[in-house]
Amino acid sequence: MKKWTILRAYFLIYLACCIVYTIAKWKTLAYEEGWGVVYMVGLIVIGLFGLLIDFILTLIIKNKKILNGIGIVIAMGFSIMLYMELKQ
């Protein structure tokens, strides 16, 4: 069984929310030239990049407490960055 980390769970939930939002709001996002869809694809790519970071950290750090501690810091930083970006 794979080792679950806080960062992996965070980014999987983030990706699921992006996909559900994209499906639910497709007509709004695709209106005009479809820049909303491009924006959502960009957010999904950022989520996949987060999963890549988790994979690399899992290979490098073997201590699960330290790994989850770093994951919490990254997840909080990402959440703050995303909130500040969407707030504008």
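The values are calculated or read from the model by the stated rules, or taken from the named source; none is laboratory data. Just so we're clear, the structure is a prediction, and the values are computed from it rather than from any experiment. Methodologically, a virtual Cβ is constructed for each residue, glycine included, from the backbone with ideal geometry; neighbour enumeration extends over all protein chains shown.
Side notes on the structure shown:
Matching residues to (1) of a type in the set (A, V, I, L, M, F, W, C); (2) buried (at least 17 other Cβ atoms within 10 Å of the Cβ); (3) touching a Phe, Trp or Tyr at 6+ places or on another chain (Cβ under 8 Å); (4) modelled with pLDDT under 90:
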site	(1), (2), (3), (4)
Trp4	yes, no, no, yes
Phe11	yes, yes, no, no
Leu15	yes, yes, no, no
Ile19	yes, no, no, no
Gly42	no, no, no, no
Asp54	no, yes, yes, no
Leu59	yes, no, no, no
Leu67	yes, yes, no, no
Leu86	yes, no, no, yes
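- Count of the range 54-64 residues which are touching a residue at least 24 places away in the same chain (Cβ under 8 Å) and farther than 18 Å from Ala16 by Cβ: 3
- Extreme residue, farthest from Gly71 (Cα to Cα), among residues of the range 1-52 that are among the aliphatic types (A, V, I, L, M) and touching a Gly at 6+ places or on another chain (Cβ under 6 Å): Leu29
- Flag if Leu29 is among the aliphatic types (A, V, I, L, M), over 24 Å from Lys62 (Cα atoms) and touching a residue at least 24 places away in the same chain (Cβ under 8 Å): no
- From Val37, Val41, Val20, residue being farther than 27 Å from Ile72 by Cβ and within 14 Å of the chain's Cα centre (by Cα): Val41
- Within the range 65-80, residues that are in contact (Cβ under 8 Å) with a residue 60 or more places away in the chain have Cβ atoms under 9 Å from residues that are of a type in the set (S, T, N, Q) and surrounded by 11 or more Cβ atoms within 10 Å (Cβ to Cβ) in these pairs: Leu67/Thr5; Leu67/Thr58; Asn68/Thr5; Gly71/Thr5, counting only partners at least 6 apart in sequence or on another chain.
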